[in-house]
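The structure appears below as structure tokens.
The values are calculated or read from the model by the stated rules, or taken from the named source; none is laboratory data. In this text, all values refer to a predicted model and were calculated from it rather than measured experimentally. Note that each Cβ is placed from the backbone with ideal geometry, even for glycine, and that neighbours are counted across all protein chains shown. Heavy atoms of the whole protein, side chains included, go into the accessibility calculation; ligands, DNA and RNA do not. Shrake-Rupley method; radii C 1.70, N 1.55, O 1.52, S 1.80 Å.
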Amino acid sequence: MRKLIVAGNWKMNTSVAEGVELAKKVSEYAEKKNLPAEKQIVIAPPFTHLAPIAQVINADKVILAAQDCAATTNGAYTGEVSASMLKGLGVKAVILGHSERRQYFKENSEILLKKIKLALAEGLDIIFCCGETKDQREAGANLYNNVIKAQLVDTVFTLSAEEFKKVIIAYEPVWAIGTGLTATPEQAQEIHEFIRKEIANNYNAQVAEDTTILYGGSCKPSNAAEIFAKKDVDGGLIGGASLKADDFGKLIDAR
Ligand code: PEP
């Protein structure tokens, strides 16, 4: 079923002690709000923070996610962290396809699909990011729609409808991530509607209706409510503003 989600992507920020404190505050906030099951709060701290944070959050109220996982199962892959290791820590979801991973770590659809399959094999949910660059946006709707479609067709759309139930899409225009530029509510709605139609074409109308599609890109308390109010926007993937407990709380309220 479609969920209403506010997810925090902490990226490579906070010390372990700061992260534990932040997670505790988010968890206390979630407990106080006592949200219904379809309204979910997700946090994605760095790998190093996951184990101690799993000890302090109320896992019924806050979903623990990782920001990445390896494209292989356990073995001689120095520095990597596998989906099964994450599962063992109490992680329930993993962000894949973030534009920073695509840009700085050259992750392409082939690599992402391997990660998706391994994460699914461990029963993890996938928060799959897609979105166009500034140049692609400026080239017009034909081009940016095709870019987004290709990012989905080559990866999550190869999954069975059953597997796809574990996928949450995050539309994150690259030009809006960490830049202070935000898509207008209309721009966000246009792409979310487009993505939902493509899901219906690839699967069926019910699958499309049930899929959670988040917006991400410089969301903050001052702009989130308008974006979240659009009919195909089911919440947000939040970077910078998820590092401040008060702002993150306001974003949860906005949703
Ligand atoms: C992100 O990195 O997923 C993101 C949306 O970042 P920010 O909110 O900082 O733009």
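A few points about this structure:
- When segment 100-119 is filtered for residues that are within 16 Å of the ligand (Cβ to nearest atom) and over 21 Å from Leu64 (Cα atoms), the ones remaining, listed by number, are Arg102, Gln103, Tyr104, Phe105, Glu107.
- If you go through segment 221-255 and keep only what is away from the ligand (no atom under 11 Å from the Cβ), farther than 18 Å from His98 by Cβ and of a type in the set (Gly, Ala, Ser), you end up with Ser222, Ala225, Ala229, Ala245, Gly249, Ala254.
- Restricting attention to segment 117-132, the residues that are touching a helix residue (DSSP H, G or I) at 6+ places or on another chain (Cβ under 6 Å) and open to solvent by 50 Å² or more (accessible area, probe 1.4 Å) add up to 1.
- Every residue from segment 217-232 that is of a type in the set (Val, Ile, Thr) and within 13 Å of the chain's Cα centre (by Cα): none
- Every test in (1) open to solvent by 60 Å² or more (accessible area, probe 1.4 Å); (2) not in a helix (DSSP H, G or I) is passed by Ala7 save one, and that test is (1).
- Filter pass, Gly79 being on the phi > 0 side of the Ramachandran plot and within 16 Å of the ligand (Cβ to nearest atom): no
- Of the residues making up segment 197-205, at least one is in contact with a Ser or Thr (Cβ under 8 Å, 6 or more places away or on another chain), at negative phi, away from the ligand (no atom under 14 Å from the Cβ) and at pLDDT 95 or above.
- For Glu122: the one exception among (1) closer than 23 Å to Gly8 by Cα; (2) within 14 Å of the ligand (Cβ to nearest atom); (3) not hydrophobic (A, V, I, L, M, F, W, C): (2)
- Meets criteria (over 19 Å from the mean Cα position of the chain (by Cα) and polar (S, T, N, Q)) for Ser15: yes
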